[in-house]
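Have a look at the structure below, then the notes.
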Amino acid sequence: MTSIIRQKVGDKIYLYESVSFRNADGKPRNKRVPIGKINPITGNPVYKPEYLARMAEQGTPIEIPATNMTFSIEEIQRSSIKDYGAFYLFQSIAQSIGLLRALERALPNYWQEVFNLACYLISSGDPFLYCEDWINSTECLPVGSMSSQRISELLAAISPDSREAFYQEWCQCRSEQEYLALDITSVSSYSNLIEDVEWGYNRDKEALPQINLCMLMGEKSGLPIYQTAYSGSLKDVSTLKTTLSKMNALSKGKPTLIVMDKGFFSTKNVNAMLNDAAKLRFVISVPFTSGFAKKQVESERKDIDSLQNTMVLGEDSVRGVTKLRAWNKDHKIYTHVYYNAMKAMKLRENLYAHVALLKERAEAHPAAHLQEEEYSKYLLIRNSEKSPSGYTVSIKEEAIRQELETAGWMTLITNDVANAKAALRIYREKDVVEKGFLRLKNSLDLGRLRVHKDGIMQNKIFIGFIALILAAHIHKVMLEKDLYKKMTMKKLLITLSRFW
């Protein structure tokens, strides 16, 4: 059942198309879409162009009342012009990919405010402190004033259950079967009052406490699917089980496809994923700290460098071999071993040049470099009465050999992909999540958390996640249409904001 309802916000009256329906569980639901507003002078409805076009296509065109209005100089002086173009783009994207529907279902009381804040982050990248000015100059969803105090109240009001409800709605909406790139980044904070913020290993090398933000992004869609925050002292391997269990719950029985780098590798993690093979498909890189990876390289070292093992991906020529290996007594896995001869040669030449320079400096001033870690790693500096300098300097050939032993090599294991080229393509495309982190920190002003409470911190990151969905979609379209040859994303949004 469809009806048009009015909602008064301040001195304005907005029009919504309200559609009542029952969901899959038979529960009544209501979906509201903004379609226009009431002209305060004439009392006539002013519909959005897309609503008029949609109704015309459905065979029920809307008759627009004729107006013949004049304005006084005082009225013209009191009038204002608001930006609309960029917000119209955000709203259209959100409707087309199902984001608005997921927000409205999960956060029925706050979805408009959350969406406006997400749009503000993309448009400006400034702190929430300045959002009220943006709201006043932009035609956006009717939420009234968005003062700093009101935003603080909103950030405190969104519950963890509401966030999880959104992730569930969003995961169901993004039902396409694609590999999800999983990674973790550090987000720093100026606060010592947030329980999840701890001193620990900081991926950005900053002298600030931080939390670890874990995110899953679709490799084909390029869209963020799920995120969660962990204590700053946790390691990558300790977060995998918790994150995947949450994804299993959200996906409601659909197999989850995950691609991970070597930071998530451990025998325990692989065993857990193999034991859950009915729900989980994975591709993961194996580090050379693992005896398993070294064993695979040694088994292929003599024969891999041949034309029949050559594959071309982009500008790279790579050798690749696939074997179905026994992981343990209960499971077998596809093992893909790769060798990049050009990369191996470049690494060797760079290392040789680096060590040669270290040797020259050590021979010139041996006592000055005697205790330096980088010199002792590759050089043996010893006292010698026969030498004019009092020291002899020699290269640790075995250290060089060990470092180059795996240069240019990589090992992937998977319980899903039997083709070496396909597995490597999937693994390389995982950089979508790393680019997502960069956009989240830099473009959306979330590199620093200027908040002092756990719930507010979680909700600020959550709003950043909503903004990242929109920004990621725009980025994907700009890549597909070669728009980056003409403008940056910021330039695109600035240009659109001039339309009103």
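The values are calculated or read from the model by the stated rules, or taken from the named source; none is laboratory data. The structure presented is a predicted model; accordingly, all values stated were derived computationally and were not measured. Every residue, glycine as well, gets a Cβ built from its backbone with ideal geometry; the counts of neighbours run over all protein chains shown. Ligands, DNA and RNA are excluded from the accessible area calculation, which covers all protein heavy atoms including side chains. Shrake-Rupley method; radii C 1.70, N 1.55, O 1.52, S 1.80 Å.
Taking 0.36 nm per residue of separation and subtracting the current Cα-Cα distance, fully stretching the chain between SER299 and GLN177 would add 40.5 nm. Scaling the Cα radius of gyration of the stretch 148-187 by the globular reference 2.2 N^0.38 Å produces a ratio of 1.65. For semi-axes √(5λ) of the Cα gyration tensor in Å, pick the label among (1) 38, 24, 21; (2) 54, 28, 22; (3) 33, 25, 23 that corresponds to the value derived from the coordinates. Read-out from the structure maps to (2). The packing ranking, built from the mean of other Cβ atoms within 10 Å per residue, places the peptides 336-347, 319-330, 423-434 in the order 423-434, 336-347, 319-330, highest first. Kirkwood hydrodynamic radius of the stretch 349-388, from the reciprocal of the average inverse Cα-Cα distance over all distinct pairs: 10.6 Å. Think of the chain as a dipole: +1 on every Lys or Arg Cβ, -1 on every Asp or Glu Cβ, centred on the Cα centre; then among SER389, ASN30, ALA278, ALA278 lies furthest on the positive end. Seen from all directions on average, the stretch 121-170 presents a Cα convex hull projection of 4.3 nm². Annotation: aspartates and glutamates with alpha-carbon distance below 15 angstrom to LYS343 (same-chain offsets under eight excluded): ASP305, GLU315, ASP316, GLU403, GLU405.
Using the Karplus relation 6.51 cos²θ - 1.76 cosθ + 1.60 with θ = phi - 60°, the per-residue 3J(HN,Hα) values for the stretch 302-317 come to 6, 10, 6, 7, 9, 5, 5, 9, 7, 9, 10, 10, x, 9, 9, 10 Hz, with x marking Gly and Pro.
The share of accessible area on the chain that comes from carbon and sulfur is 52 percent, using a 1.4 angstrom probe.
With protein chains left intact and a 1.4 Å probe, residues in the chain average 53 Å² of accessible area per residue. Which whole-number percent of Cα pairs in the stretch 261-401 have a distance greater than 17 Å? Tail of the P(r) past 17 Å holds 72 percent of the pairs. On a per residue basis, the convex hull of the C-alpha atoms belonging to the stretch 1-67 measures out at 99 Å³. Compared with the rule-of-thumb size 2.2 N^0.38 Å for a compact globular protein, the stretch 285-357 has a Cα radius of gyration ratio of 1.32. Applying 1/(1 + (r/R0)^6) with r as the Cβ-Cβ distance of PHE21 and ARG401 and R0 = 60 angstrom yields a FRET efficiency of 0.30. Multiplying the residue separation of GLN58 and HIS331 by 0.36 nm and subtracting their alpha-carbon distance yields 92.7 nm. Look at the dipole of the chain built from charges on Cβ: of THR289, HIS336, GLN402, the Cα furthest out on the positive end belongs to HIS336. Computed from the C-beta positions of LEU351 and LYS421 and an R0 of 30 Å, the FRET efficiency is 0.55 to the nearest 0.05. In a simple Cβ point-charge model (Lys, Arg +1; Asp, Glu -1; nothing else charged), the chain has a dipole of about 1020 debye relative to its Cα centre. Both radii were evaluated on the Cα set of the stretch 381-428; the Rg over Rh quotient, with Rh as the Kirkwood radius, amounts to 1.47.
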